[in-house]
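Peer 1: Handing you this structure, nothing more for now.
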Amino acid sequence: NGRKVVCGSQTGILLLYSWGSFKDCSDRFVDLSSNSVDTMLKLDEDRIITGSENGMINLVGILPNRVIQPIAEHSEYPVERLGNILLLFS
């Protein structure tokens, strides 16, 4: 609803910012990956799909922060884009 901004990082941490307060993050999600989070896709107001440098695609809950489930592994290559992944959830 336009109240939070989620940013991926090179260290695998998701940073959550309150809209309008971008100087410091309001929350961190550190249990996702030790690899870079290269792409994200909003599924709905409470969940995002992340793609990482290690090839993992995860369904992630935001507030509470948790990995709901790994969706797929793109084994040898990083996940750089998630545009068509929504077809799996339609």
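Peer 1: Mind giving me the FRET efficiency for Cys7 and Glu76? R0 is 25 Å, r the Cβ-Cβ distance, nearest 0.05 is fine.
Peer 2: Efficiency for this residue pair is about 0.40.
Peer 1: Using a 1.4 angstrom probe with every protein chain in place, what is the largest-first accessible-area order of Leu43, Leu63?
Peer 2: The ranking, largest first, comes out as Leu63, Leu43.
Peer 1: Could I ask something else about it? Please give, to one decimal in nm, the separation of the simple spin-label points placed at Ser34 and Asn65, each 7 Å out from Cα toward the Cβ.
Peer 2: Placing both labels 7 Å beyond Cα along the Cβ direction yields 1.8 nm.
Peer 1: With every protein chain left in place and a probe of 1.4 Å, what is the accessible surface of Met56, to the nearest 10 Å²?
Peer 2: 50 Å²
Peer 1: With every protein chain kept in the model, how would you rank Lys23, Lys4 by accessible area, 1.4 Å probe, largest at the top?
Peer 2: Putting Lys23, Lys4 in descending order of accessible area: Lys23, Lys4.
Peer 1: If ligands, DNA and RNA are left out, what is the accessible area of Arg66 with a 1.4 Å probe, given in Å² to the nearest 10?
Peer 2: Result for Arg66: roughly 120 Å² accessible.
Peer 1: Regarding segment 8-86, what's the average projected area of the Cα-atom convex hull, expressed in nm²?
Peer 2: 5.2 nm²
Peer 1: As a test of reading the structure, rank Asp31, Asp46 by solvent-accessible area (1.4 Å probe, protein chains only), most first.
Peer 2: Asp31, Asp46
The values are calculated or read from the model by the stated rules, or taken from the named source; none is laboratory data. As the structure is a computational prediction, the values presented were derived from the model and not from experiment. Neighbour counts are summed over all protein chains in view; Cβ atoms, including those assigned to glycine, are modelled from backbone coordinates with ideal geometry. To get the accessible areas, we keep the full protein, side chains included, count just its heavy atoms, and leave off ligands, DNA and RNA. Shrake-Rupley method; radii C 1.70, N 1.55, O 1.52, S 1.80 Å.
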